Amino acid sequence: MKISRSVISSASRCLGTAALLGAYLVSPGSANAQTTIQVPSGFHATVFAGGLSGPTALAQGPDGRLYVAEEGGQIIAVGSGGNTIIASGFTTPLGLAWNKHVLYVSSTGQVSTLTPTNGYRSFKRRVINSGLPTGRHQNDGMAFRNGWMYLGVGSTCNACVETDPRSATIMRFHYDGTHAQIYAHGLRNPYGLAFRPGTSQLYATDNGRDDFGNSVPTS
């Protein structure tokens, strides 16, 4: 089940049992539009996949399937044959990203790799980094460039002075999890990371502190 010219909506940790929605370009009058969701002119929203529980992160695989992390610890591959569990037992996986033919999973305090074998029918799991600081938040999304894996590491509290300099930062590592460095600091919970195509500019979404009320955006 390949996604053509599509943009998959961000998955929320608070969805519970949920479906994934795809927003895509269509001609006027196409069927399956969801009237309860507002999308820009020329786009329609449809249900792409159901039967999921607390999806937290999405990543398009080299095999054409969409890979989904669930808050409860499972990694699901969504394809034409339905949903397939490819790994389980992760503690709150919030980051999921393919780097070439290896799937990286960011879960509480660690980063693991899932390397496919036998035509993506099974995956070999390996922890490449552990002992990252956690608390109220943890490590989140990932991005890859020029031999480095960039990782958002959230604060351990709502608003405080951190005792571990790695907290509330963007860190980077070699693809095997070694050579840890702090790349950016002064953040709080950098949940999503992405490089602007064709550049070295790294963008991050930073979830802000919760004690300012509704007058200040928190994400």
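A short reminder: the numbers here are calculations on the coordinates, not readings from a lab. Bear in mind that the values here come from a model prediction, so they are computed numbers and not experimental data. Neighbour counts are summed over all protein chains in view; Cβ atoms, including those assigned to glycine, are modelled from backbone coordinates with ideal geometry.
With coordinates expressed along the principal axes, the C-alpha atoms belonging to segment 65-119 extend over 32, 23, 15 Å, beginning with the largest. Report the relative contact order of segment 55-215, percent, no decimals, based on alpha-carbon pairs under 8 angstrom and at least 6 residues apart. Dividing the mean separation by the residue count of segment 55-215 yields 13 percent. Counted over segment 149-207 with a bin width of 10 Å, the fraction of Cα pairs per bin, in whole percents, is 23, 52, 22, 3.
Per-residue packing, averaged as other Cβ atoms within 10 Å, sorts the ranges 137-143, 95-101, 166-172 into the order 137-143, 166-172, 95-101, beginning with the highest.
A full extension of the chain between TYR175 and SER200 corresponds to an added length of 7.3 nm, given 0.36 nm per residue minus the alpha carbon distance. With the convex hull drawn around the C-alpha atoms of segment 55-215, the volume per residue stands at 132 Å³. Distance between the 7 Å Cα→Cβ label points at ILE37 and ASN99: 3.1 nm. Taking 0.36 nm per residue of separation and subtracting the current Cα-Cα distance, fully stretching the chain between ASN146 and ARG121 would add 6.1 nm. Label zone (VAL161, point 7 Å along Cα-to-C-beta; backbone nitrogen cut-off 20 Å) within segment 170-197: 185-189.
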